[in-house]
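**Q** One structure, as structure tokens, below. Some questions next.
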Amino acid sequence: MEKIILEHFQNRKQAEETVPKNIPEVISNTVVDKFFLEVYSLTIFTARFFKEVVKPPYEFNELAKQSFLIGYKSLSLVAITSFIIGLVLTVQSRPTLAKFGAESLLPVMVAISIIREIGPVITALIFAGKVGSGIGAELASMNVTEQIDAMQVSHTNPFKYLVVTRVLSATLMLPILVAFSDAVGLFGSYVAVNLKGNVTSYLFFSQIFQSLEFKDLFPAFIKTFFFGFAIGLIGCYKGYNSNKGTEGVGKAANSAVVFASLMVFIIDMIAVQITSLMQN
Amino acid sequence: MKQNTTNKIRLGIFVSLGIAVFIVGIYFIGERQQLFRSTFHISGVFKDVAGLQAGSNVRFAGITVGTIENIDIVSDTSVRVEMVVDESTRKFIKKDAIASIGSEGLMGNKILIINPGPGLEKEIQNNDTIKTVQPINLDEVLLSLKSTIDNTSQITKDLSVITTDIQTGKGTIGRLLMDQSLANNFDSAIVNLKLGSAGLKNLMDDAKISFDQNWDSTFVNLRESSAGLKILLEKARKSWLLWGF
């Protein structure tokens, strides 16, 4: 028993050395210092993730469980949102295109908007809201109730079990959700086109695939991995490093959503710049 | 445990369907770029490709049959455009076909159009080069339009000068339209003409009355004169002075 407790404290010491907790409160109170300390802390957290992700043993069962909770359980929400977005975008775009007599370009315009930008970004924001806050709150409450400490005592690596599985699940599930989101969004657009017209599904989808190119699909698909990674990582970081106390849970969930949503837009901006540079 | 297995099956279905949607998307986009079909390559050399890009559509008889694969500058006056065309359309495209560059609608992308030639030659082969027609250069059209606009501007300037002259009463038309004295003279001429025609009418009326009044007496006198003349002639015929010799 003594050996286990000793090991626990050793592990904890090691963990605190690797991931400095509550540094902003200890060292400095200025906003700029806090920001850079947060960046430092997040960088160390990310480095630890990459270190742990390749090191066996692998928690496949937990990965499958988290993928189910993160991916499968988000499908209905993402599908409903995408359907509405596809429908609304088409209905809103129709009058402008009709002014130029270019209503036949409606499917193409909506498809490119959904595939390149709206599908990935809207899905990522929904994902950040649902999954980011969920992970943040879950890990924060585990931190508050000292379940993370208990795991360390029981020889389970909490970082590997809790953080790595969730971040990996988020990274892998978001692209699949975006594939569904794009498909459902295009179906919503098809419904909207047929509200005030009569276009066969064959013509609608053949027009779309005539106009799309791989350069529309692949950059949008690749950036969703980064969105998923950022959302999972930030959710875990905020939850794992939350303050001890009940208010820490709410704060962690809230800041996870805000920060993850912001990161989605930042990554999107970088991705668009890189894509346009590569295409020129 | 059973619930855990069910969840794993659901997750498996979810992931499989997601990947299937993605693959279907890739397939249909690749289908457009002829990735999954038997194709052949042809090329054409243009002086100017007018904004045609790799990936643009190639049309034959209004049907999209391929895409532009590559565009290379060969020299300072020629650009080689390589295209990938669906193998099934090869039998319809002859070696004398002509490629031109058009656009999809007024604001659409540039496309390459293969027009059938006289059709006297054999069907086109892989890596053949077809004849081309230079596209209408929008800049040249605009340049021509500019000279037309310049001419129109000059004409309007001249017209402006002419109308100003007319307004100020310069020139024959200006005097005709703007000079008040000419109009007054014209008015008085009309009045005189009117008076003259009235006098002529009176004269004609008087002449008619006079003629009507003197006609009968003139006719009687004439008849009497002719009777006298007849008698005189009769006497003369019988006179020895004329016929006694």
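The values are calculated or read from the model by the stated rules, or taken from the named source; none is laboratory data. Computed from a prediction, not measured in an experiment: that's the story for all the values here. Neighbour counts are summed over all protein chains in view; Cβ atoms, including those assigned to glycine, are modelled from backbone coordinates with ideal geometry.
**Q** Within segment B:40-82, count every residue that is assigned to a strand (DSSP E or B), among the acidic types (Asp, Glu) and free of Cβ contacts under 8 Å to residues at least 12 places away in the same chain.
**A** Narrowing segment B:40-82 to residues assigned to a strand (DSSP E or B): B:40-46, B:57-60, B:63-75, B:78-82.
Filter once more, keeping what is among the acidic types (Asp, Glu): B:69, B:72, B:82.
Retained after the next criterion (residues that are free of Cβ contacts under 8 Å to residues at least 12 places away in the same chain): B:72.
Total meeting the criteria: 1.
**Q** Follow-up. Report whether or not A:SER201 is at the interface with another protein chain (Cβ under 10 Å from one of its Cβ atoms), more than 24 Å from A:GLN66 (Cβ to Cβ) and surrounded by fewer than 16 Cβ atoms within 10 Å (Cβ to Cβ). Can you show your working first?
**A** Numbers: at the interface with another protein chain (Cβ under 10 Å from one of its Cβ atoms): no; more than 24 Å from A:GLN66 (Cβ to Cβ): yes; surrounded by fewer than 16 Cβ atoms within 10 Å (Cβ to Cβ): yes.
No: the conditions fail for A:SER201.
**Q** Please state which one of A:PHE226, A:PHE221 is more than 14 Å from chain B (Cβ to nearest Cβ) and buried (at least 17 other Cβ atoms within 10 Å of the Cβ). Write out each step before concluding.
**A** Numbers: A:PHE221 fails: more than 14 Å from chain B (Cβ to nearest Cβ).
That would be A:PHE226, the only listed residue that is more than 14 Å from chain B (Cβ to nearest Cβ) and buried (at least 17 other Cβ atoms within 10 Å of the Cβ).
**Q** Test of understanding: among B:LEU159, B:LEU120, which residue is among the hydrophobic types (A, V, I, L, M, F, W, C), loosely packed, with under 10 Cβ neighbours inside 10 Å and not in a strand (DSSP E or B)? Before you say what the answer is, go through the steps one by one.
**A** On the way: B:LEU159 fails: loosely packed, with under 10 Cβ neighbours inside 10 Å.
None of the others qualify; the one that does is B:LEU120.
**Q** Same structure, new question: How many residues are basic (Lys, Arg) and surrounded by fewer than 24 Cβ atoms within 10 Å (Cβ to Cβ) when one looks only at segment A:134-174?
**A** 1
**Q** Could I ask something else about it? For B:ILE13, work out the one condition from (1) of a type outside the set (D, E, K, R); (2) in contact with a helix residue (DSSP H, G or I) (Cβ under 8 Å, 6 or more places away or on another chain); (3) within 9 Å of chain A (Cβ to nearest Cβ) it doesn't fulfil.
**A** So B:ILE13 meets the others, but not (2).
**Q** Just the residues that are under 21 Å from A:GLN92 (Cβ atoms), within 14 Å of chain B (Cβ to nearest Cβ) and either of a type in the set (A, V, I, L, M) or outside any helix (DSSP H, G or I) (or both), please, taken from segment A:179-198. So that I can check it myself, show each step before the final result.
**A** Of the residues in segment A:179-198, the ones under 21 Å from A:GLN92 (Cβ atoms) are A:181-198.
With the extra rule that they be within 14 Å of chain B (Cβ to nearest Cβ), the set shrinks to A:181-187.
Hits for segment A:179-198 are A:ALA183, A:VAL184, A:LEU186.
**Q** Sort out which residues of segment A:98-115 are among the hydrophobic types (A, V, I, L, M, F, W, C) and in contact with a helix residue (DSSP H, G or I) (Cβ under 8 Å, 6 or more places away or on another chain), and write them in order of number.
**A** Within segment A:98-115, A:LEU105, A:LEU106, A:VAL108, A:MET109, A:VAL110, A:ALA111, A:ILE112, A:ILE114, A:ILE115 meet the criteria.
**Q** Going residue by residue through segment B:24-39, is there one that turns out to be part of a strand (DSSP E or B), at the interface with another protein chain (Cβ under 9 Å from one of its Cβ atoms) and farther than 30 Å from A:MET173 by Cβ?
**A** Pass one, segment B:24-39, residues part of a strand (DSSP E or B): B:39.
Those left that are additionally at the interface with another protein chain (Cβ under 9 Å from one of its Cβ atoms): none.
No, because not a single residue in segment B:24-39 is part of a strand (DSSP E or B), at the interface with another protein chain (Cβ under 9 Å from one of its Cβ atoms) and farther than 30 Å from A:MET173 by Cβ.
**Q** What residue, among those in segment A:44-102 that are outside any helix (DSSP H, G or I) and surrounded by 17 or more Cβ atoms within 10 Å (Cβ to Cβ), is nearest to the other protein chains (Cβ to nearest Cβ)?
**A** To start, the set of residues in segment A:44-102 that are outside any helix (DSSP H, G or I) comprises A:55-59, A:71, A:100-102.
Of the ones still in play, those that are also surrounded by 17 or more Cβ atoms within 10 Å (Cβ to Cβ) are A:59, A:71.
Working: A:GLU59: 14, A:GLY71: 6 Å.
Looking at residues that are outside any helix (DSSP H, G or I) and surrounded by 17 or more Cβ atoms within 10 Å (Cβ to Cβ), I get A:GLY71.
**Q** Could you list, in sequence order, the residues of segment B:41-69 that are of a type outside the set (A, V, I, L, M) and either surrounded by fewer than 13 Cβ atoms within 10 Å (Cβ to Cβ) or farther than 24 Å from A:LEU212 by Cβ (or both)?
**A** Applying the first criterion (of a type outside the set (A, V, I, L, M)) to segment B:41-69 yields B:41, B:43-44, B:46-48, B:51, B:53, B:55-57, B:59-60, B:62, B:64, B:66-67, B:69.
Listed by number, the residues that qualify are B:SER43, B:GLY44, B:PHE46, B:LYS47, B:ASP48, B:GLY51, B:GLN53, B:GLY62.
**Q** To continue, here is another question. Does B:LYS8 satisfy the condition of being closer than 26 Å to A:SER206 by Cβ and either within 13 Å of another protein chain (Cβ to nearest Cβ) or part of a helix (DSSP H, G or I) (or both)? Break it down into steps so the answer makes sense when it comes.
**A** On the way: closer than 26 Å to A:SER206 by Cβ: no; either within 13 Å of another protein chain (Cβ to nearest Cβ) or part of a helix (DSSP H, G or I) (or both): yes.
No.
**Q** Here is a further query. Could you check, for segment B:220-240, whether at least one of its residues is in a helix (DSSP H, G or I), more than 30 Å from B:VAL45 (Cβ to Cβ) and in contact with a helix residue (DSSP H, G or I) (Cβ under 9 Å, 6 or more places away or on another chain)? Let's see the steps before the verdict.
**A** Kept after step one, since they are in a helix (DSSP H, G or I), are these residues of segment B:220-240: B:220-238, B:240.
When the remaining residues are screened for being more than 30 Å from B:VAL45 (Cβ to Cβ), the result is B:220-238, B:240.
Going one step further and asking which of them are in contact with a helix residue (DSSP H, G or I) (Cβ under 9 Å, 6 or more places away or on another chain), we end up with B:236-237.
Checked segment B:220-240: at least one residue is in a helix (DSSP H, G or I), more than 30 Å from B:VAL45 (Cβ to Cβ) and in contact with a helix residue (DSSP H, G or I) (Cβ under 9 Å, 6 or more places away or on another chain).
**Q** Consider B:THR89 carefully, then state whether it is within 32 Å of the chain's Cα centre (by Cα) and under 30 Å from A:SER104 (Cβ atoms). It would help to see each step written out before you state the result.
**A** Numbers: within 32 Å of the chain's Cα centre (by Cα): no; under 30 Å from A:SER104 (Cβ atoms): yes.
When the stated conditions are applied, B:THR89 does not pass them.
**Q** Is there any pair with a first residue in segment B:182-202 that is closer than 27 Å to B:GLY171 by Cα and a second that is at pLDDT 90 or above and of a type in the set (Phe, Trp, Tyr) whose Cβ atoms are under 6 Å apart and which are 6 or more apart or on different chains, and what are they?
**A** Nothing qualifies.
**Q** Let me ask another. I'd like to know if segment A:17-38 contains one or more residues that are aromatic (Phe, Trp, Tyr) and modelled with pLDDT under 85. Break it down stepwise before answering.
**A** Restricting attention to segment A:17-38, the residues satisfying the condition of being aromatic (Phe, Trp, Tyr) are A:35-36.
Add one more test, that the residue is modelled with pLDDT under 85, and what stays is A:35.
Looking through segment A:17-38, at least one residue is aromatic (Phe, Trp, Tyr) and modelled with pLDDT under 85.
**Q** On to the next question. Criterion first (touching a His at 6+ places or on another chain (Cβ under 7 Å) and surrounded by fewer than 15 Cβ atoms within 10 Å (Cβ to Cβ)) does B:ASN151 satisfy it? Don't jump to the end; show me each part of the working.
**A** Numbers: touching a His at 6+ places or on another chain (Cβ under 7 Å): no; surrounded by fewer than 15 Cβ atoms within 10 Å (Cβ to Cβ): yes.
When the stated conditions are applied, B:ASN151 does not pass them.
**Q** Okay, next question. Would a scan of segment B:124-142 turn up a residue that is outside any helix (DSSP H, G or I), on the phi > 0 side of the Ramachandran plot and assigned by TED's automatic domain parsing to the domain that holds B:ALA61? Give the steps one after another, and end with the answer.
**A** Just the residues of segment B:124-142 that are outside any helix (DSSP H, G or I), to begin with: B:124-137.
Those still in the list that are on the phi > 0 side of the Ramachandran plot too: B:127.
Adding the requirement that they be assigned by TED's automatic domain parsing to the domain that holds B:ALA61 leaves B:127.
Checking segment B:124-142: at least one residue is outside any helix (DSSP H, G or I), on the phi > 0 side of the Ramachandran plot and assigned by TED's automatic domain parsing to the domain that holds B:ALA61.
**Q** Still on this structure: In segment A:263-280, how many residues are surrounded by 12 or more Cβ atoms within 10 Å (Cβ to Cβ) and hydrophobic (A, V, I, L, M, F, W, C)? Don't jump to the end; show me each part of the working.
**A** From segment A:263-280, those surrounded by 12 or more Cβ atoms within 10 Å (Cβ to Cβ) are A:263-265, A:267-268, A:270-272, A:274-275; that's our starting set.
Keeping just the survivors that are hydrophobic (A, V, I, L, M, F, W, C) gives A:263-265, A:267, A:270-272, A:274.
Number of matching residues: 8.
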